[in-house]
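Everything on this sheet refers to the single structure shown next.
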Amino acid sequence: MAPRDTRCASCGRARTHALLVCTEPCLELRHGPGPPLRLGRHPDWAPRTAAAFAGWNKVSRHHASITVEPDGTAWVEEPEAGSRNGTYLNGARIAAGVRTPVRDGDQLRLGLRVSFAIRLYGPEPGTG
């Protein structure tokens with residue numbers, strides 16, 4: 001099932017980028033089309049989040065990943081092996097190894113305490 005809302009309702013531009021905002025730990029991640037953004041504590045597997053999650057033992061070393069396609073569809077996926085404390089999208093646990101569609105305004109939770117607000121948006125002017 002493909003995610004809905006891949007275009008902005010007001011301007012019609014494709015929402016090809018994701019912004020993930022977490023307040024504790026304080027973390028803001030921007031991600032566009034390309035390789036997945038990996039969320040976890042392992043510095044080699046998740047280099048953009050490992051330092052922020054270093055003291056959060058409820059976040060797995062290989063917890064989840066976010067993928068944004070060039071057409072604006074976005075997905076969250078937990079590795080096949082799963083995570084110890086689960087990954088939740090809008091309060092519902094996602095299945096390990098299954099790409100789950102993400103929409104603008106969704107809430108992503110890693111384990112019981114680390115929550116992200118997800119915003120999907122178009123590229124900045126002049127960046128394609």
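Restricting attention to the stretch 106-118 and to residues that are closer than 12 Å to Ile66 by Cβ and either part of a strand (DSSP E or B) or at pLDDT below 95 (or both), the residue that is farthest from the chain's Cα centre (by Cα) turns out to be Leu110. Filtering the stretch 14-38 to residues that are among the charged types (D, E, K, R) and surrounded by fewer than 18 Cβ atoms within 10 Å (Cβ to Cβ) leaves Glu24, Glu28, Arg30. The listed residues are Ala52, Ala18, and the only one of them that is outside any strand (DSSP E or B), of a type outside the set (Ser, Thr, Tyr) and either more than 11 Å from the chain's Cα centre (by Cα) or modelled with pLDDT under 95 (or both) turns out to be Ala52. For Arg41, the conditions (1) in a loop (DSSP other than H, G, I, E, B); (2) crowded, with 20+ Cβ neighbours inside 10 Å; (3) modelled with pLDDT under 95 all hold with the exception of (3).
In the stretch 106-117 there is at least one residue matching the filter, namely being among the hydrophobic types (A, V, I, L, M, F, W, C), touching a Leu at 6+ places or on another chain (Cβ under 8 Å) and surrounded by fewer than 18 Cβ atoms within 10 Å (Cβ to Cβ). If you check Asp5 against the conditions, is it modelled with pLDDT of 85 or more and outside any strand (DSSP E or B)? So Asp5 does not fit the description; no.
Remark: Val21 matches the filter, which requires a residue to be within 14 Å of Val114 (Cβ to Cβ) and β-branched (Val, Ile, Thr).
Taking the stretch 63-80 on its own, how many of its residues are of a type in the set (Val, Ile, Thr), surrounded by fewer than 21 Cβ atoms within 10 Å (Cβ to Cβ) and modelled with pLDDT under 95? Result for the stretch 63-80: 0. Reported count of residues in the stretch 55-68, each being over 12 Å from Arg99 (Cα atoms), without any contact (Cβ under 8 Å) to a residue 40 or more places away in the chain and within 14 Å of the chain's Cα centre (by Cα), is 1.
The values are calculated or read from the model by the stated rules, or taken from the named source; none is laboratory data. Because the structure is predicted, anything quoted here is derived from the model rather than measured. Backbone-built Cβ (ideal geometry, glycine too); neighbour counts: all protein chains shown.
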